[in-house]
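Novice: The structure under discussion is supplied below as structure tokens; questions concerning it will follow.
The values are calculated or read from the model by the stated rules, or taken from the named source; none is laboratory data. Bear in mind that the values here come from a model prediction, so they are computed numbers and not experimental data. Positions of Cβ are backbone-derived with ideal geometry, glycine not excepted, and every protein chain shown enters the neighbour counts.
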Amino acid sequence: MRDEARLVEMLDWSRTLGAREGCLGDATLEALADGSLPAVQTAAASAHLRDCVCCLHAYASVRALLEPEAPADRRALRRLVATRIPIGWAVATVAAAMVLTWTLTSTVGRERGPVGDVPLMVELSGQQGAQTVSGAVQTVDDASTTAVAAHVLEIAGEDGRRYTIFVWGSPTSRVGDRVSVKGHFAPIDESAGASALRGVATRVHVDARR
Amino acid sequence: MGSVRFGPGIRPQDGRHHALADLLRRCRGQDEAAWAAFRGWFHGLAARVLARFPNLTPVEREEAEDVARVAMALEVSEGRVKSEADGAVVGYARVVLANAARDAWRRRRPSEPLPRDLTDRGPTPAERVALQAELSRLEGLVGAWSAEDRFIFVMKLDGVSTATIKADLERLYGRYVTPEAIDVRFHRLRARLRWRDEGAIDA
């Protein structure tokens, strides 16, 4: 699969080498893709696509964006399913999933401080219960697996609480940065009160660099 | 075209795509439902365009999408996107998204150079030579295939659906190929392609 991604990347760049004689411009390709190009020009452009793989790729890129579904997402899913995962990574993935599930499910049906008593699915949908906390980043730990980038932030909140937050994607903040994190949070230990919380971020914004 | 349901994508009603241009016209008329549809369409388009920039983080993608959507909505509401053809609208949105992606990168990493997939400059002379050589190898390989095979392979590689490829083969070349035949041919072509050292391609 990697070779195909490279192929697409190379074809993307091929257009930057400069148009060769007879190559089609963006406007022509767009009109050809949406069917608004006059018949004579359509015939000429179609003939060119038979011989020029660079223009064919440019045409396909526009055509894909006029598709009713998200082919890029389907490709990514296929790649994910087709990837052979080493056993260690597989174990790490399962462990991360278990921690995440535990974090979320342990919030169901309890009084949960800042989140409130919200049905889990409503909460997960992001429609309700999300809150924003601000503070300084104390630690940034990688939690990525083979196909999924993720990390965990430890934040000393401006409200005096300590937050351990799971974040999808590669880190955008560093230790010492001041950040605002939108997400869902719950106390780590009910008996200890709400001074330490864990949660899942839906958005991280760096307010100020260290 | 006012009755066309505008969901996550666009379906041509008569071989031409103009549902999108119609949608933008309705947006200009302060139609709230049209703006809601615009938002859904733009989100889907942004996901596809920004998927080409793997160096961006999810937060940066979200930022780029937000910035681009606001910019495009402003252009639409002020009547500066006047195209009657969907291809041009999609092309315009793609440029807006790519610019927003570059800005998102620069905002968060002001001292770092743009990665290759985000760069807005042409290749350096050295890159140009390497790219030209690589491209020649590629063209040598696929040049041995039939034009129809090339069409199927590149279209599939870019994520175009089998149904659309079938429709395009009919529309552009008068060729009738079943969806099953398209998929089988693509998988055979894919199996012939093997990547070798340093990006060289072998059959």
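Novice: Within segment B:129-175, track down each residue that is among the aromatic types (F, W, Y) and crowded, with 18+ Cβ neighbours inside 10 Å.
Specialist: Passing the criteria: B:F151, B:F153.
Novice: May I ask you to verify whether A:A136 is over 19 Å from the mean Cα position of the chain (by Cα), without any contact (Cβ under 8 Å) to a residue 60 or more places away in the chain and within 13 Å of A:V204 (Cα to Cα)?
Specialist: Against the criterion (over 19 Å from the mean Cα position of the chain (by Cα), without any contact (Cβ under 8 Å) to a residue 60 or more places away in the chain and within 13 Å of A:V204 (Cα to Cα)), A:A136 qualifies.
Novice: Test of understanding: among B:F186, B:F151, which residue is touching a Leu at 6+ places or on another chain (Cβ under 8 Å), modelled with pLDDT of 80 or more and either closer than 22 Å to A:A31 by Cα or not acidic (D, E) (or both)?
Specialist: Sole residue among the options that is touching a Leu at 6+ places or on another chain (Cβ under 8 Å), modelled with pLDDT of 80 or more and either closer than 22 Å to A:A31 by Cα or not acidic (D, E) (or both): B:F151.
Novice: Inside segment A:167-183, can you point out the residues that are over 11 Å from A:V133 (Cβ atoms), crowded, with 16+ Cβ neighbours inside 10 Å and either more than 14 Å from chain B (Cβ to nearest Cβ) or modelled with pLDDT of 85 or more (or both)?
Specialist: A:V167, A:P171, A:T172, A:S173, A:D177, A:R178
Novice: Could you tell me whether B:R80 is in the same structural domain as B:G29 (by TED's automatic domain parsing), out of contact with any Pro (no Cβ under 9 Å at 6 or more places or on another chain) and not in a helix (DSSP H, G or I)?
Specialist: Answer is yes for this residue.
Rundown of residues vs (1) over 30 Å from B:R28 (Cβ atoms); (2) in a helix (DSSP H, G or I); (3) facing another protein chain (nearest Cβ under 7 Å); (4) of a type in the set (V, I, T), yes/no style:
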residue: B:G87; (1), (2), (3), (4): no, yes, yes, no
residue: B:Y92; (1), (2), (3), (4): no, yes, no, no
residue: B:E134; (1), (2), (3), (4): yes, yes, yes, no
residue: B:F151; (1), (2), (3), (4): yes, yes, yes, no
residue: B:K156; (1), (2), (3), (4): yes, yes, no, no
residue: B:L169; (1), (2), (3), (4): yes, yes, no, no
residue: B:L172; (1), (2), (3), (4): yes, yes, yes, no
residue: B:F186; (1), (2), (3), (4): yes, yes, no, no
